[in-house]
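Encoded as structure tokens, the structure appears first; notes follow it.
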Amino acid sequence: MLVDIFGILLFVVLFIAFSLIAYYGSRFRKGDLNKLYEWGLAGRKLGPYLSWFLLGADVFTAYTFVAVPSLAFASGSVAFYAVPYVAIVFAIAILTMPRLWKIAKKRNYVTASDFVKDRFNSRALSILVAITGVVAVLPYIALQIAGMQAVLVIMLYGMANASTITEIALVLSFIVLAATTFTSGLRGVTLGSVFKDVLIFLTVIVVIVAGVMYFGGFSQAFTAISTAKGAAAAAYSTLPVATVPSFFTLFLGSALALYLYPHIINGSLSSNGVKTLRRSLSLLPIYSIGLGLLALFGILIYAVPGALAIVKATGNGLLTVPALIVTILPGWLAGICLLGIFVGGMVPAALMAIAGANLLSRNVVREFKPEITPTGEARLAKWLSVALKFIALGFVFVVPLTFAIQLQLLGGIIILQILPIVFLGLFTNKLDWKPLVLGWMAGLISGIWLVFVANNFAVLKTSSIITPLGLIYIGVISLAINLIVAVVGSYVVRHAGAFREGNISETELTGT
């Protein structure tokens with residue numbers, strides 16, 4: 001094994017500590033967890049720093065920790081689209097989330113779909129937004145499991161029956177996660193995010209320092225890349241001209257999509273005030289520094305022959321960071337850092353499951369069963385959160401990991417289609433629900449169709465397509481189609497006298 005027994009023991013002990021902290025969440029800033037806003041939004045009691053940790057948990061996920069460096073390892077500088085994406089996404093959040101928080105607090109909303117229902121006076125549109133959010137978030141949960149798997153694969157590397165042990169460990173971890181989430185709700189997830197982020201930042205710092213001190217750092221890495229890649233090495237130090245349109249549309253589309261995901265909105269609505277939310281969002285760009293360093297791990301591995309050999313032997317680029325950790329750090333420190341990545345999958349998976357459960361319970365089931373009590377609604381959400389976790393876990397066991405990754409390529413395209421409904425709905429009352437539904441359909445159909453065209457109706461490997469302007473992220477194209485249909489359609493409906501007013505006035509939304 002690549003991690004010694006002391007490192008494994010530390011991993012287990014700290015995992016138990018993480019679980020106890022998450023379980024303690026039920027007693028943290030106590031509230032009636034039989035109410036959905038208390039269980040699913042922590043009673044809107046989170047201060048700026050807890051909000052910062054919670055929202056940051058969705059920047060440094062386990063999958064981010066393995067996927068971004070893996071892309072840099074395989075493709076070079078194009079992977080750094082994640083840096084400007086994180087840098088600008090918080091400006092989008094500052095514009096949208098405080099507005100949503102104010103109306104959500106005033107009207108006791110728990111989800112974005114609650115807002116959509118009143119804003120456009122449409123149950124159908126609210127249900128569509130809820131279902132879209134759940135569909136987009138499920139493969140996201142599965143990909144957190146992929147990051148957790150990468151940790152276990154490295155820890156058990158060379159051990160007999162490693163695959164079976166990995167599956168058992170994942171199941172046990174998710175039983176613990178389901179129990180703590182069921183019991184503590186978002187409070188437990190928030191405390192877990194603090195624990196997780198401390199370990200994640202520790203990991204980023206010690207790997208960079210150790211890599212520079214003992215393996216020659218990035219100078220040695222770029223020399224090794226030049227030797228290994230030949231002419232292709234230029235893509236690691238500069239952005240190839242052909243990839244510029246893809247680079248810019250990827251970070252733009254990704255930035256527009258992030259704060260549409262239900263778990264991100266859920267985390268934002270848990271803040272205890274607008275000022276708190278703005279302060280936590282203003283601090284989030286700190287994570288872009290960490291993400292930039294994280295992307296550099298995909299370069300640094302070329303300076304560490306032992307780690308490079310592991311990745312090449314397994315043929316799994318997702319092992320880039322775990323391989324670096326076990327190669328350049330002592331066993332005890334490797335165990336701590338690997339746990340950081342492992343719980344870095346558990347925390348966002350729990351938040352995603354809570355957000356998806358809130359949508360299903362409140363905005364789907366409740367619409368068809370309006371007599372459900374607040375206690376029944378919360379109880380249903382708790383059980384749905386358990387179900388969503390294990391559906392994602394079962395998905396990973398049943399289908400190849402590459403299929404989960406392929407679905408995630410579609411996930412961003414899918415969630416972007418609710419942007420005109422949610423984001424534009426925060427700023428204008430001139431859109432009608434019927435054209436918005438048509439725009440949603442047009443964007444969804446065109447996006448999925450273009451993905452299949454870009455991949456020649458074979459295995460999905462890319463979410464960008466060649467256009468006269470170059471390689472473009474399909475999410476941006478499908479969103480443009482959606483916007484055209486929604487805006488033009490609303491203009492036609494308004495001038496035809498068929499426009500339906502919503503239940504939220506412009507004055508109420510802005511608070512003026």
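The values are calculated or read from the model by the stated rules, or taken from the named source; none is laboratory data. Just so we're clear, the structure is a prediction, and the values are computed from it rather than from any experiment. Neighbour counts are summed over all protein chains in view; Cβ atoms, including those assigned to glycine, are modelled from backbone coordinates with ideal geometry.
Kindly check whether there is at least one residue in the range 356-370 that is under 23 Å from Met148 (Cβ atoms), part of a helix (DSSP H, G or I) and at pLDDT 90 or above.
Taking the range 356-370 and keeping what is under 23 Å from Met148 (Cβ atoms), we get 356-357.
Going one step further and asking which of them are part of a helix (DSSP H, G or I), we end up with 356-357.
Okay, now just the ones that are also at pLDDT 90 or above, so 356-357.
Yes: the range 356-370 contains one or more residues that are under 23 Å from Met148 (Cβ atoms), part of a helix (DSSP H, G or I) and at pLDDT 90 or above.
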### Residue within the range 286-305 that is surrounded by fewer than 17 Cβ atoms within 10 Å (Cβ to Cβ), modelled with pLDDT of 90 or more and on the phi < 0 side of the Ramachandran plot present
yes
### Task
Just name the residue that is surrounded by the fewest Cβ atoms within 10 Å (Cβ to Cβ) out of those in the range 240-260 that are closer than 13 Å to Val89 by Cα and hydroxyl-bearing (Ser, Thr, Tyr).
Ser254
### Query
What are the residues in the range 481-512 that are over 19 Å from Val437 (Cβ atoms) and buried (at least 17 other Cβ atoms within 10 Å of the Cβ), if any?
Leu509
### Query
Which members of the range 419-468 meet the condition of being in contact with a strand residue (DSSP E or B) (Cβ under 7 Å, 6 or more places away or on another chain) and of a type in the set (Ser, Thr, Tyr)?
Ser463, Ser464
### Query
Has the range 457-473 got at least one residue that is loosely packed, with under 14 Cβ neighbours inside 10 Å, at pLDDT below 95, over 19 Å from Thr243 (Cβ atoms) and not hydrophobic (A, V, I, L, M, F, W, C)?
no
### Query
Is the range 424-436 home to any residue that is within 21 Å of Gly356 (Cα to Cα), aromatic (Phe, Trp, Tyr) and modelled with pLDDT of 90 or more?
no
### Task
Looking for whichever is over 27 Å from Ala136 (Cα atoms), in contact (Cβ under 8 Å) with a residue 24 or more places away in the chain and of a type outside the set (Phe, Trp, Tyr) here; the options are Leu338, Leu269, Leu260, Leu256. Which one fits?
Leu338
### Query
Going by the conditions given, is Ile310 over 17 Å from Val68 (Cβ atoms) and either acidic (Asp, Glu) or part of a helix (DSSP H, G or I) (or both)?
yes
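Would you say Leu46 is over 30 Å from Ala160 (Cβ atoms), in contact with a strand residue (DSSP E or B) (Cβ under 8 Å, 6 or more places away or on another chain) and hydrophobic (A, V, I, L, M, F, W, C)? Break it down stepwise before answering.
On the way: over 30 Å from Ala160 (Cβ atoms): yes; in contact with a strand residue (DSSP E or B) (Cβ under 8 Å, 6 or more places away or on another chain): yes; hydrophobic (A, V, I, L, M, F, W, C): yes.
The answer is yes for Leu46.
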### Query
Of the residues Ser173, Ser163, which single one is among the small types (Gly, Ala, Ser), surrounded by fewer than 16 Cβ atoms within 10 Å (Cβ to Cβ), out of contact with any helix residue (DSSP H, G or I) (no Cβ under 6 Å at 6 or more places or on another chain) and within 19 Å of Val396 (Cβ to Cβ)?
Ser163
### Query
For the range 372-391, which residues satisfy the criterion of being in a helix (DSSP H, G or I) and among the aliphatic types (A, V, I, L, M)?
Ala378, Leu380, Ala381, Leu384, Val386, Ala387, Leu388, Ile391
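In a helix (DSSP H, G or I), modelled with pLDDT of 90 or more, small (Gly, Ala, Ser) and more than 21 Å from the chain's Cα centre (by Cα): which single residue out of Ala136, Ala179, Ala231 fits that description? Give the derivation first.
On the way: Ala136 fails: more than 21 Å from the chain's Cα centre (by Cα); Ala231 fails: modelled with pLDDT of 90 or more.
Just a single option satisfies the conditions, and that option is Ala179.
From the list Ser237, Ser226, pick out the single residue that is out of contact with any Cys (no Cβ under 7 Å at 6 or more places or on another chain), at pLDDT 90 or above, surrounded by fewer than 17 Cβ atoms within 10 Å (Cβ to Cβ) and not basic (Lys, Arg).
On the way: Ser237 fails: at pLDDT 90 or above.
One residue alone meets the criteria, Ser226.
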### Query
Does Ser19 satisfy the criteria of being modelled with pLDDT of 90 or more, closer than 22 Å to Ala93 by Cα, in a helix (DSSP H, G or I) and of a type outside the set (Phe, Trp, Tyr)?
no
### Query
Across the range 414-457, what is the number of residues that are under 30 Å from Asn503 (Cα atoms) and outside any helix (DSSP H, G or I)?
9
### Message
I'd like the full set of residues that are within 19 Å of the chain's Cα centre (by Cα) and within 14 Å of Gly290 (Cβ to Cβ), limited to the range 191-203.
### Response
Lys196, Asp197, Val198, Leu199, Ile200, Phe201
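Specify the residue that is surrounded by the fewest Cβ atoms within 10 Å (Cβ to Cβ); the eligible residues are those in the range 81-124 that are of a type in the set (Phe, Trp, Tyr) and assigned to a helix (DSSP H, G or I).
In the first step, residues of the range 81-124 are kept if they are of a type in the set (Phe, Trp, Tyr); the result is 81, 85, 90, 101, 109, 115, 120.
Of the ones still in play, those that are also assigned to a helix (DSSP H, G or I) are 81, 85, 90, 101, 115, 120.
On the way: Tyr81: 25, Tyr85: 20, Phe90: 24, Trp101: 23, Phe115: 27, Phe120: 26.
Once the filter is applied, the top-ranked residue is Tyr85.
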### Message
On the basis of being within 30 Å of Val66 (Cα to Cα), out of contact with any helix residue (DSSP H, G or I) (no Cβ under 8 Å at 6 or more places or on another chain) and small (Gly, Ala, Ser), does Gly394 make the cut?
### Response
yes
